[in-house]
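Participant: After the structure tokens below, expect a handful of questions from me.
Derivation of every value follows stated rules applied to the coordinates shown; laboratory data play no part. Every value quoted in this text rests on a predicted model; they were computed, and no experiment measured them. Here the Cβ positions follow ideal geometry from the backbone for every residue, glycine too, while neighbour counts run over all protein chains shown.
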Amino acid sequence: MRIVKLKKEYFHPFLDVISRQAELWAPVKKGDKHIFDRVEDFNRIEMKTTRTLLPPKKLLVPPAFNTFTFNAEGYQEDLSHVSSKILFGIHPCDIHGLLTLDKLFMHEYTDPYYVKARQKTLILGLSCWPDEYCFAKSTRTHIIDEGFDLFFTDLEDFFLVWVGSSQGDDLLRMKPDLFEETLSDSDIQRYIRWQTERDKAYRTEINFMAMPDLMELKYKAPFWEEAGRACLACGSCSMVCPTCNCYNVLDKLALGGKPGRRLRLWDSCTLVEYSEVAGGENFREHKADRLRLWYTHKLQAYVSKYGKPSCVGCGRCLVTCPVEINVRTISKALEGEDPKAFWYRLPSEVKP
Ligand code: SF4
Ligand code: SF4
């Protein structure tokens, strides 16, 4: 893969050229959090974020969007959520998250709403530094060699830029004089030192190799009930997870001859309505059963189909769940350790 060098002073001039081709989206500050937002003032871009509140999936399949309108004569597809976008600042774990969605929405079953948005989106990755919640090294999603058009490694006064696709190469060719094709030994040494230090900075480790067997062996362990008692069934863990992909459809009828709409909305298997069927039967009425399903998907089922977990180690569930139910505490409980979590300390008389 070709690697070039971009001095920091040329970064904004480069964005200036490429942002004339498509909407530029990047991480920006919102309160004490970071979000992906459309950017016209490049000074708003936050280069040192750990994680955004929502992952970049929100730009490919928005939380709620219209799929088509309909009336007595037929239906009209609505692709208004699709536009040409350049997403800058996507960290390796989130690129792995998008690769997971690609597998689910573009291969076995084709989802036209996702595919059309994906085809119009360029991914410009950015290196990052882990905080105490990030464990992408345990999922081997801290490194990335596919799924991006360009990837920027930030080495303080310059970037090393990996060219991952012909569209990425086309972006560089818009302003080729900004990039240096030859790297010095000191540039290379600087990158090696950065990578070694970055790898040492991971403080959270999870043994994902053991998880599929432990999910099987501990399927009926009492801690599931304890976690279920504490779970608020709020669905936040699914909303923030880059690999959660379930959705609901809702028909909105209109009176007076106006067309109706079919909406598509993010859904979560932790919500009580998720497993409810006609007639009022609910296959997973209890929160413990719903949590077990969520973690089966993350730690076991995806591994048996694709050989790796569907968790990419972003840490969003760790910083989001109000009662500390997350991949770190559940994996500790699966290993028979005290997860040192709020939900584990709840008195047993608190009913599910
Ligand atoms: S399970 Fe948690 S840490 Fe893993 S990808 Fe989802 S939100 Fe991130
Ligand atoms: S596990 Fe946490 S974030 Fe997920 S539904 Fe339960 S309370 Fe909400």
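Participant: Can you give me the Cα centroid spacing of region 9-53 and region 109-167 in angstrom?
Facilitator: Distance between centres, Cα-based: 15 Å.
Participant: Same structure, new question: Please work out the FRET efficiency for the pair ALA64 and ASP185, using the Cβ-Cβ distance as r and a Förster radius of 56 Å; give the result to the nearest 0.05.
Facilitator: Values: r = 52 Å, r/R0 = 0.93.
So the FRET efficiency works out to roughly 0.60.
Participant: Cα extents of the chain along the three principal axes, largest first, in whole Å?
Facilitator: Computed over the Cα atoms, the extents are 66, 61, 38 Å.
Participant: Another question, then. Once both labels are modelled 7 Å past Cα along the beta-carbon direction, what's the ASP131-GLU276 spacing in nm?
Facilitator: 3.6
Participant: Calculate, for HIS286 and GLU335, the FRET efficiency according to 1/(1 + (r/R0)^6) with r their C-beta to C-beta distance and R0 25 Å; round to the nearest 0.05.
Facilitator: 0.60
Participant: Right, another one. Pull up the DSSP beta bridges for the chain and report the antiparallel fraction as a percent, rounded to 5.
Facilitator: Of all bridge pairs located within the chain, approximately 75 percent are antiparallel.
Participant: What distance in nm separates the simple spin-label points at THR110 and LEU253, each placed 7 Å from Cα in the Cβ direction?
Facilitator: In this crude label model, THR110 to LEU253 measures out at 3.4 nm.
Participant: What relative contact order, as a whole-number percentage, does the chain give when Cα pairs under 8 Å and 6 or more residues apart are counted? List each step's numbers first, then the result.
Facilitator: Numbers: 602 pairs, mean separation 71.6, N = 352.
For the chain, the relative contact order is 20 percent.
Participant: Under the 0.36 nm per residue contour assumption, what length would be gained going from the current alpha-carbon distance of MET209 and PHE342 to full extension?
Facilitator: 45.3 nm
Participant: Here's a follow-up. For GLU9 and ASP37, what is the calculated FRET efficiency with R₀ set at 22 Å and r taken between the beta-carbons, to the nearest 0.05? Walk me through the numbers before you get to the answer.
Facilitator: Values: r = 24 Å, r/R0 = 1.10.
It comes to 0.35.
Participant: How far, in nm, would the chain grow between GLU73 and CYS234 when pulled straight, counting 0.36 nm per residue and subtracting the alpha carbon separation?
Facilitator: Values: separation 161, 0.36 × 161 = 57.96 nm, distance 3.92 nm.
Gain on extension, GLU73 to CYS234, equals 54.0 nm.
Participant: Residue separation times 0.36 nm, minus the C-alpha to C-alpha distance between THR196 and ARG140: what's the value?
Facilitator: Once the chain is fully extended between THR196 and ARG140, it gains 18.7 nm.
Participant: Of the trypsin sites (Lys or Arg not before Pro) in region 38-111, which ones lie in a loop per DSSP and count no more than 16 other C-beta atoms within 10 Å?
Facilitator: Working: sites: ARG38, ARG44, LYS48, ARG51, LYS57, LYS58, LYS85, LYS103; in loops: LYS48, ARG51.
Counting only loop positions with at most 16 other Cβ atoms within 10 Å, the trypsin sites (Lys or Arg not before Pro) in region 38-111 are LYS48.
Participant: A further question follows. Report the chymotrypsin sites (Phe, Trp or Tyr not before Pro) located in region 56-127 that are in a DSSP loop and have at most 12 other Cβ atoms inside 10 Å of their Cβ, or state none.
Facilitator: Passing both the DSSP loop test and the Cβ count: TYR109.
Participant: Considering only region 3-200, what is the antiparallel percent among its DSSP beta bridges, to the nearest 5?
Facilitator: On the way: 22 of 33 bridges.
Percentage antiparallel, nearest 5: 65.
Participant: Sticking with this one: So for each of 163-174, 286-297 I average, over its residues, the number of other beta carbons within 10 Å; can you give me the resulting order with the highest mean first?
Facilitator: Highest mean packing first, the order is 286-297, 163-174.
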